[in-house]
Amino acid sequence: MPEIPLSALTGNNPLAFLAALGTFRILSDAISKPVRMGWHPAATGWVPSISWDDDDPGWCDPWLIAGIIACQLGAPARPTPEQRLRAVVAMEDTYKSEKKALAALEKSLKEEGKTIGLKGADLSDFVSAGTLDMRNAVSRLRASWLAGLQQVVLSPELGLGKTLAVTIGELRDVANRISGECSQTDRLVADLIAAFGAEGRTEDDYIQATEFCFVTGSGQQFFLETIQKLLHCVSVDKIKQALFDHWTYDDLRFSMRWDPVDDRRYALMWSDPTSPGNETRTTWAANLLAYYGLSFFPCFTHGRSVNTTGFNPSSRTFTWPIWTSAISVDVARSLLANQYLGNRPIDREHLRLMGVSDIYKATRIQVGTPPLVKFNFSQAQQA
């Protein structure tokens, strides 16, 4: 049985941990034999190893592993035809323009209603009646844009838009379509959609997004759009570097902000983070692989709120286990959702009996106030 250490990844970094899971999931889908993953101690910390039932040493070639992953993801993808892309951008611009006009009309009608003494439900009904036609028009424009976007994205779940600010109905429509196309052995896209968020309130409301949604528009970067761009940027060489070589942080932008080094507050740095030549740098392939690691962390409704697997909803702390036995994707999914990880204090004895050798945690932190806000992970600590 070949064992391939992913030597560039360490278990005490949330981005690296998610990237290990993403690699695990992609290889499990790509290779016909059962794939397993475990962690072993090394000089750099806990390092993941991938293995499967085959005695051919040729499988241990890092370039081969990176090539399999790149092929499975279709990365780097062929460029979208320029004419089609321009048409989708034009539809988005029209939708955004009309949405802005709708917001202006709503504000105007609200002020008008107040001048004639309306308030509460009467004011809301007045504004709703006055904007009904425009709201319907904006909804149709958004639907047309999303239909066009679905034709140019590289994976179906990315057709939900640029961000995870999607309606419950939009998420259901995509989920229902994907569920008819997936199977028990081909369900990656369905699992990613389940990880995006869930409904926590009413039919007309938006989904509550996953706690892993750190990219929300600051710096003009958006969650789903960033993944689309990463799929165009990531190559076999970059995947190999992210999994087997030391991270050199040579890549600009397109970060999902899951690496604690993305916390670039002025007080934590030697120099001004906004000065020329001091731009945010990251490892593209690690971010892309980590995105697929989200397939292990579905969101679920709890009362009127939505929780994310792996997160404590009150402290917004992400807790993850390090296990030494080589286990399958299904066993890993069960372990990551285990109730003993969520207990406070953590039930270490039960987890030790399950093969868990170490536990880490990192807190989701917010820097700034909306709309100028960024999210990061704190440095990981042993839980």
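What angle, in degrees between 0 and 90 and rounded to the nearest 10, separates the Cα long axis of helix 62-73 from the longest principal axis of the Cα atoms of the chain?
In the chain, helix 62-73 runs at an angle near 30 degrees to the longest axis.
What order do you get for 48-54, 185-191, 298-304 when each peptide is scored by the mean count of other beta carbon atoms within 10 Å, highest first?
Result, highest mean Cβ count within 10 Å first: 48-54, 185-191, 298-304.
Specify the angular offset, from 0 to 90 degrees and rounded to the nearest 10, of the alpha carbon long axis of helix 168-179 from the longest principal axis of the alpha carbons in the chain.
So the helix axis and the longest Cα principal axis differ by about 40 degrees.
Excluding ligands, DNA and RNA, what is the solvent-accessible area per residue of the chain at a probe of 1.4 Å, expressed in Å²?
Numbers: 18760 Å² over 383 residues.
About 49 Å² of surface per residue is accessible.
Which net charge results when you count Lys and Arg as +1 and Asp and Glu as -1 among the other residues whose beta-carbon is under 12 Å from that of I68?
-1
With the contact rule set at Cα under 8 Å and sequence spacing of 6 or more, what percent relative contact order holds for the chain? Walk me through the numbers on the way to the answer.
Details: 645 pairs, mean separation 86.0, N = 383.
After rounding, I find 22 percent.
Evaluate E = 1/(1 + (r/R0)^6) for R344 and L372, where r is the Cβ-Cβ distance and R0 equals 45 Å; express this FRET efficiency to the nearest 0.05.
So, using R0 = 45 Å, E works out to roughly 0.85.
Quick one: pull the percent of accessible area on the chain belonging to carbon and sulfur, 1.4 Å probe, ligands and nucleic acids left out.
53
What pairs from K229/K374; K162/K361; K162/K240 go past 23 Å between their alpha carbons?
K162/K361; K162/K240
From the backbone phi of segment 150-162, what are the Karplus-calculated ³J(HN,Hα) couplings (6.51 cos²θ - 1.76 cosθ + 1.60, θ = phi - 60°) in whole Hz, Gly and Pro given as x?
Using θ = phi - 60°, the values come out as 4, 7, 10, 6, 8, 8, x, 5, 6, x, 6, x, 8 Hz.
The values are calculated or read from the model by the stated rules, or taken from the named source; none is laboratory data. Remember, it's a predicted structure, so these values are computed and weren't measured experimentally. Every residue, glycine among them, receives a Cβ derived from its backbone with ideal geometry; neighbour counts consider all protein chains shown. These accessible areas exclude ligands, DNA and RNA; they are computed on the full protein's heavy atoms, side chains included. Shrake-Rupley method; radii C 1.70, N 1.55, O 1.52, S 1.80 Å.
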